[in-house]
């Protein structure tokens, strides 16, 4: 009986400890990439709880602003294509980038899915290093 009580007590202590390692994350609006990024991060089995922005997330995933709108127009006019974009996972409190992935933003679903999966792999790798 004593062992059963000790085991239950240990489990009760372990559950909140495991829950404390989870982080809240908000997926920002990013030109139709949101569902792909959220799905890829969930598939990577990271300790994230996905929430709405109004709930003050600890982490935020979104597209980084690399150039001005005028710069983007010039880039497209000169080279005939859109510039490379960068997905970032940012620690909101410290305003620090945890992981990023640069990719060309294309309209087809397959390349968006691939960019999201590559981003999730980089996030998983950075999270493993951070957790050590």
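Data overview
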quantity: Any hit, the range 67-86, residues being in contact with a strand residue (DSSP E or B) (Cβ under 8 Å, 6 or more places away or on another chain), closer than 18 Å to residue 125 by Cα and either at pLDDT 70 or above or outside any strand (DSSP E or B) (or both); calculated: yes
quantity: Residue 107 vs. criteria modelled with pLDDT under 80, surrounded by fewer than 16 Cβ atoms within 10 Å (Cβ to Cβ) and outside any helix (DSSP H, G or I); calculated: yes
quantity: Residues of the range 28-46 classified as in contact with a helix residue (DSSP H, G or I) (Cβ under 8 Å, 6 or more places away or on another chain) and within 23 Å of residue 94 (Cβ to Cβ), total; calculated: 6
quantity: Leading residue by the ranking (surrounded by the most Cβ atoms within 10 Å (Cβ to Cβ)) among those in the range 21-63 that are under 10 Å from the mean Cα position of the chain (by Cα) and either in a loop (DSSP other than H, G, I, E, B) or modelled with pLDDT under 90 (or both); calculated: 46
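The values are calculated or read from the model by the stated rules, or taken from the named source; none is laboratory data. Being a predicted model, the structure only gives us computed values, none of them experimental. Heads up, the Cβs are rebuilt from the backbone with ideal geometry, glycines too, and the neighbour counts pull from every protein chain shown.
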